[in-house]
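First the structure, in the form of structure tokens, and then the observations on it.
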Amino acid sequence: MQPGPVEIIQCPYCDNKFKKSTLMSGNTIGAKFWTDGKREAPMLPDSVVVSFCEKCSEYFWVEDAKKIDQVLYDSDKYSDLEFLKDLTLEEYIYALKQIDIRSDDDTFYLLRQIWWKYNDYYRKNNEAELSQDVEKIMPDLLEKLLNVFDENDDNHLLMKGELLRELGQFEKAKVTLNKISSDEYDKVKQIIIDLAKNEVSELRELKF
Ligand SMILES: [Zn+2]
């Protein structure tokens, strides 16, 4: 993994500044792939798309933050600034209510992050730590996500089928997965269909 320059960006709502790391190059060595479509690649970390400004208490889209400077990744300049932080599950849930929603893609992104962050607890076998408030609100949020998948998109169909399986709706899961037209997804599709046939609803790591 080769780090790129560090960008200095400004909160879209106030004068607070953040450091944003960039990547010159990365790879998927050691990556883990999961049935919900999440990829965990230590050598290719996901960039932060949504963040929170503690100074003005606003959630913001990182692409809306203006870049005001750029320094080498090992520079001491701006050492007092914090790096952009990814949100927690609870913060994504708040962000969905508070952030400026510019398009359906924004809603989809936030709901998918909520699903993946929720599933992270199962990925790490930490599900006992999920709060009751989150458990109460999740069925409604996952139902919303089911309704925003784009059925013309095979990748969305794959995720929708998986979410239906995780919710125990195995017949609907199989029907949805069988709508996938590209053979690019055959392997993963079959793994998820087989799990649905066996009425298994747990999240699984994909091992090829
Ligand atoms: Zn701010």
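Computed from the coordinates by the stated procedures, all read-outs in this text should not be read as laboratory data. Please read these numbers as outputs of a predicted model, since none were measured by experiment. Glycine also receives a Cβ, built like all others from the backbone with ideal geometry; neighbour counts cover every protein chain displayed.
Neighbour counts of other Cβ atoms within 10 Å put Leu157, Leu206 in the fewest-to-most order Leu206, Leu157. Can you tell me which lysines have their Cα less than 29 Å from the Cα of Lys207? Leave out same-chain residues fewer than eight positions away. Straight-distance partners of Lys207: Lys32, Lys38, Lys117, Lys124, Lys160, Lys172, Lys174, Lys179, Lys187, Lys189, Lys197. Full extension of the chain segment joining Cys14 with Glu129 gains 38.0 nm, where the gain is 0.36 nm per residue of separation less the Cα-Cα distance.
Using Cβ counts within 10 Å as a stand-in for footprinting exposure, how do Thr88, Thr107 rank, fewest first?
Thr88, Thr107
The protection proxy used here, the mean number of other Cβ atoms lying within 10 Å of each residue, ranks peptides 4-13, 119-128 as follows, highest first: 4-13, 119-128. Karplus-based coupling profile of segment 20-36, in residue order and whole Hz: 10, 6, 10, 10, 6, 7, x, 8, 9, 4, x, 6, 10, 10, 10, 4, 7, with θ = phi - 60° in 6.51 cos²θ - 1.76 cosθ + 1.60 and x standing for Gly or Pro. Evaluating 6.51 cos²θ - 1.76 cosθ + 1.60 at θ = phi - 60° for every residue in segment 4-17, the Karplus couplings come out as x, x, 8, 8, 9, 10, 10, 3, x, 10, 7, 8, 5, 10 Hz, glycine and proline recorded as x. Geometric descriptor of the chain, per residue, is 144 Å³ (volume of the convex hull of the Cα atoms). Which whole-number percent gives the relative contact order of segment 104-202, counting Cα pairs below 8 Å spaced six or more residues apart? With pairs under 8 Å counted, the relative contact order is 22 percent. Averaging the sequence gap over all C-alpha pairs within less than 8 Å and six or more residues apart, then dividing by the number of residues, gives segment 32-93 a relative contact order of 29 percent.
For segment 2-71, what Kirkwood radius comes out of the mean inverse Cα-Cα distance, in Å? In segment 2-71 this quantity evaluates to 13.7 Å. Each part gets one Cα centre, and for segment 156-207 versus segment 1-69 those centres are 30 Å apart.
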